[in-house]
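Have a look at the structure below, then the notes.
No lab work stands behind these numbers, since they all come straight from the coordinates. Keep in mind it's a predicted model, so treat the numbers as computed, not measured. Glycine gets a Cβ as well: all are built from the backbone with ideal geometry, and neighbour counts include every protein chain shown.
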Amino acid sequence: MKRAIIWAPLLVFAIFVAMFAFGLNRSPEQVISSRLVGQKLPDFALPGALPGQPGLASADLAKGKPRLLNIFASWCVPCVAEAPQLMALKQAGVQIDAIAIRDRPEDVANFLKRWGNPYARIGGDKQSRVQIALGSSGVPESFIIDGRGVIRHQHIGDIRPEDVPAIIAALEAAR
Amino acid sequence: MKAAFFLLLALASPTLADMPKAALADTQLADPKLEAEASALMHRLRCLVCQGQSIADSDADMAGDMRALVREKIQAGETPDEVRAWLIQRYGNWVSFDPPLDRSTWPLWAAPALLLLAGIWLARGRFRRRR
């Protein structure tokens, strides 16, 4: 018994080393998903992100058919990376609306001219107000909203080509 | 040399292409009591982009927008606890630096007490022998 207990401090030390090695190698960045998935979209009404264009209100997203709500910004680099996938989704008949975060009308217009415009409506959220109300923590993010205005799915980060089938499946499931 | 310095400074400035900040992002509320409440809350809320910092400490654009939101809500008469609950409802307990006592966090409170008890139990034999 005495003999064995002599090794206990070393064992405890080894456990600590293992814990530190594990903790230090783990990325501290956490993906924060919205707690509102499964709940009704919060009420909002945003002005158009482009001059003369209609804005986006929560009522526009509860019209009987599932829609994709894309949170993007012209200053966001991964948003450029997902642009072709959004265009492909539009080609596939998906209704996509967008919220432009902290953006200027002329920058949004340039962005869409350069990378294509897959959006039916774009609301401008200059102070991230609606983004925070949605529980979204960055750009780009996409929410799938069913026909009754309930958030059914959240995709965090850019939509890659390999994500497209899952997005379409989630939209089908939200029907 | 001087020109190069200013060029570098201009290049290093992250605000060149940015939007103007939200009105209340870096402006205190007129009422010092409300500002103190808002400020205390902002120190307890985690920035979503630069995750180790509070929104009061962070320079990120989104942290600025969150500060403006907190100040506006406090100014509109909401209590700090209501604002905090509103954010937790959206982002989970993670957004707060003040975790509640629940099923996953109770060891944080219980561990020191349990370790102390274990220590007393271990030391007990020693004291007895000395007597």
Built amide H within the under 5 Å cut-off of B:L45, gap 5+: B:I55, B:A56, B:F97
Can you sort A:R121, A:R114 so the residue with the fewest Cβ neighbours within 10 Å comes first? A:R114, A:R121
Could you work out Rg/(2.2 N^0.38 Å) for chain A, with Rg from alpha carbons only? 1.40
Once amide H atoms are built 1.01 Å from N in the peptide plane, which residues 5 or more positions from A:A57, or in another chain, come under 5 Å H to H? A:L46
Among B:A56, B:A85, B:I74, whose Cα lies farthest out toward the positive end of the dipole of region B:21-99, if unit charges sit on the beta carbon of Lys, Arg (+1) and Asp, Glu (-1)? B:A85
Per the charge dipole of the protein assembly as shown (beta-carbon charges, Lys/Arg positive, Asp/Glu negative, Cα centre), the residue among A:P42, A:V94, B:W121 reaching farthest to the positive end is B:W121
Among beta bridges that DSSP assigns inside the protein assembly as shown, antiparallel share in %, nearest 5: 65
If you consider only alpha-carbon coordinates, what radius of gyration and Dmax does region A:120-175 have, in Å? 12.2, 33
If you rank A:F111, B:F97 by fewest surrounding Cβ atoms within 10 Å, what's the result? B:F97, A:F111
Which of the three applies to region A:23-83, rounded, prolate or oblate, going by the alpha-carbon gyration tensor with a ≥ b ≥ c and a/c under 1.5 meaning rounded? oblate
Taking the Cα centre of region A:1-102 as origin, sum charge times position over the Cβ atoms of Lys and Arg (+1) and Asp and Glu (-1), and report the length of that vector in debye to the nearest 20. 460
Of all beta bridges DSSP finds with both residues in region A:45-173, what is the antiparallel percent, to the nearest 5? 60
Classify region A:93-140 as rounded, prolate or oblate from the Cα gyration tensor: take a ≥ b ≥ c as the square roots of its eigenvalues, call it rounded if a/c is under 1.5, otherwise prolate when a/b beats b/c and oblate if not. oblate
Per DSSP H run of at least 4 residues, take -39500 (n - 2.57); add these up for chain A, divide by its residues and hand me the 222 nm value, nearest 500 deg cm²/dmol. -11000 deg cm²/dmol
Could you compute the net charge surrounding A:L50? Neighbours are other residues with a C-beta less than 12 Å from the C-beta of A:L50; K and R count +1, D and E count -1. 0
Compute the normalised compactness of the protein assembly as shown: alpha-carbon radius of gyration over 2.2 N^0.38 Å, N being the residue count. 1.30
Placing +1 on each Lys and Arg Cβ and -1 on each Asp and Glu Cβ in chain A, then taking the dipole about the Cα centre, the residue among A:S137, A:P28, A:A57 whose Cα reaches farthest towards the positive end is A:P28
What size of dipole, in debye to the nearest 20, comes out for region A:45-173 about its Cα centre when the only charges are +1 on Lys and Arg C-beta atoms and -1 on Asp and Glu C-beta atoms? 300
Computed about the Cα centre, the charge dipole of region B:21-99 from +1 Lys/Arg and -1 Asp/Glu charges at the Cβ has a magnitude in debye, to the nearest 20, of 160
So for A:H155, B:H43, fewest C-beta neighbours within 10 Å to most, what's the order? B:H43, A:H155
Highest GNM mean-square fluctuation, chain A, Cα pairs closer than 10 Å: which of A:Q30, A:Q154, A:Q127? A:Q30
How many partner chain Cβ atoms sit within 10 Å of a residue's Cβ in peptide A:124-136, on average, as a whole number? 5
